[in-house]
Amino acid sequence: MWNPFRRSRREAPRPALQEPRLAELVPAGDLPKRPPRRRVISASTQPQGEWVSLHPGRGLTAQSVRDAFDAAEYGRPQMQCDIFDDVLERDASLKSLVDSRLQSVAGKNWIVQAGGDDAADVEAARGLEQALRRLQGIHTNWEHLLTAIFYGYAACEIEWDVNDDGLIVPVWLANVPHRRFIFDPDTDEPRLVVSNDWSKGIPLERGKWIWASMRHRRTARGGLLRTATWWSWMKSLSVRDWQILSARFGIPWVIAKHDPNADDETIKVLKESVIAFGRHGGATFPDEGDFEIVAPQSANNGIHAALVELCNREMAKLISGATLTQGEGTSAGSYALGRVHENQSFNFTLGDSERLGSWFTVDLGQAFVWFNNLKARPPRLKVRVVREADPLVRMQIADLAVNKLGLELDEDQIRDEFDFKRPSGNALVRQEPTAAPGAPSPTIHATT
């Protein structure tokens with residue numbers, strides 16, 4: 001039977017693990033000699049009810065949150081994941097915060113960077129990047145892995161195959177739902193549910209998965225949504241009470257007045273007029289009666305609005321590390337304080353990009369080098385995260401780097417940064433200055 005992982009052009013034996021250079025470059029650990037071939041995430045292994053949510057976030061209570069969180073600590077995070085999904089769906093502010101943090105990294109351009117300066121390191125990075133560029137929706141995979149920041153963990157299954165160059169490369173990355181995983185209550189080892197028994201699962205085979213998790217004693221407790229859920233729940237209570245208050249006291253009402261000696265017919269007409277006024281905005285009434293429209297007064301002095309703002313601020317500090325970088329808000333801040341908050345938010349973005357790069361190197365870069373028997377350091381994923389700046393300022397920085405510091409810059413990166421395409425016709429080139437000092441600056445002209 002034909003084996004897709006048989007490399008006819010590479011018959012050299014695998015170097016021994018004791019060889020110092022290989023041991024230094026790739027700590028293989030429990031990586032198999034060949035990549036696992038069987039696809040784990042498939043229709044045959046999908047447990048019944050995987051895509052069915054009980055929506056515990058509807059009618060959420062403090063007790064139901066505690067019960068779900070306790071179950072997650074004992075290795076059964078399905079209900080916790082469903083609560084997170086419902087909370088994100090319901091709370092617009094929280095969802096905006098989460099999406100903004102995800103897209104600040106997942107939505108940026110990326111490259112696969114060599115793990116070292118040797119030619120083998122560069123070739124390994126180039127081969128892996130070319131393979132990943134062929135995958136559709138790779139940004140969704142980065143985004144899914146970054147959701148570990150909020151859920152505590154995330155995983156992508158890797159399918160390997162041999163490309164035209166004879167390299168074993170990833171040809172498919174599958175985002176696996178968070179609720180599909182359970183954890184050993186004693187060791188906290190993740191397991192994938194592949195049957196209808198949600199109390200059991202299979203271990204994750206090394207080389208088959210990109211596993212992302214946050215630092216915590218219990219993996220299921222490491223996500224930021226554990227904290228954000230409480231503030232979102234308290235916010236929903238405040239909005240509910242605010243809505244009830246508005247329905248009771250926020251709508252003007254009509255009062256009909258009549259003479260104490262008015263007859264029953266007059267009183268009847270006044271009652272009908274009050275009803276008609278509420279329905280149609282106008283009514284007729286006899287001379288014996290009078291109408292008064294009473295406007296409501298605030299019954300809570302803005303306490304509900306203050307509670308909602310408090311919850312939004314706490315979630316903003318939790319997710320983005322700042323309050324002056326998300327939404328309009330009602331609190332004024334100085335320009336200097338705004339810059340501090342902007343720096344804090346950017347630090348979060350840098351940290352997230354480093355996390356993604358680390359997860360990539362450990363589970364994908366190392367496996368790629370190992371499976372292909374390459375004497376190279378594992379490639380790294382580098383996301384082009386830069387601080388927001390005016391395009392002219394960025395161009396001046398590039399000019400100083402080249403002309404003052406003598407640094408070498410990648411032309412493709414500069415073109416990509418400023419959206420400059422390569423010329424297809426006449427090119428604009430710099431005209432060298434020939435005038436005396438003080439004369440007008442040289443211009444740019446077209447040339448063939």
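FYI, it's all coordinate maths here, none of it is from the lab. Note that the structure is a prediction, hence the values are computed from the model and not measured. Heads up, the Cβs are rebuilt from the backbone with ideal geometry, glycines too, and the neighbour counts pull from every protein chain shown.
Length gained on full extension, Trp51 to Asn196, computed as 0.36 nm times the residue gap minus the Cα-Cα distance: 50.9 nm. How long is the gain from Ile255 to Glu89 if the chain were fully straight, where each residue apart is worth 0.36 nm and the alpha carbon distance is subtracted? The span from Ile255 to Glu89 would gain 55.5 nm if fully extended. The modelled label-to-label distance for the pair Asn109/Phe418, using points 7 Å beyond Cα in the direction of Cβ, is 1.3 nm.
The listed peptides 391-401, 115-125, 353-363, 368-378, ordered by packing as a protection proxy, come out as 368-378, 353-363, 115-125, 391-401 (highest mean of other Cβ atoms within 10 Å first). The stretch between Arg39 and Ala247, if pulled fully straight at 0.36 nm per residue, gains 69.4 nm over its current Cα-Cα span.
Using a simple spin-label model with pseudo-atoms 7 Å out from Cα toward Cβ, His139 and Leu407 lie 2.6 nm apart. With the simple spin-label model, which puts each label point 7 Å out from Cα in the Cβ direction, the Gln396 to Asp263 separation comes to 8.9 nm.
What's the FRET efficiency of Ala427 with Ser358 using the Cβ-Cβ distance as r and R₀ = 45 Å, to the nearest 0.05? Spell out each step's value before the answer.
Numbers: r = 42 Å, r/R0 = 0.93.
Approximately 0.60, to the nearest 0.05.
With the highest mean first, a sort of the peptides 65-73, 196-204 on other beta-carbon atoms found within 10 angstrom per residue produces 65-73, 196-204.
The calculated FRET efficiency for the pair Val386 and Asp67, based on their C-beta separation and a Förster distance of 41 Å, comes to about 0.40.
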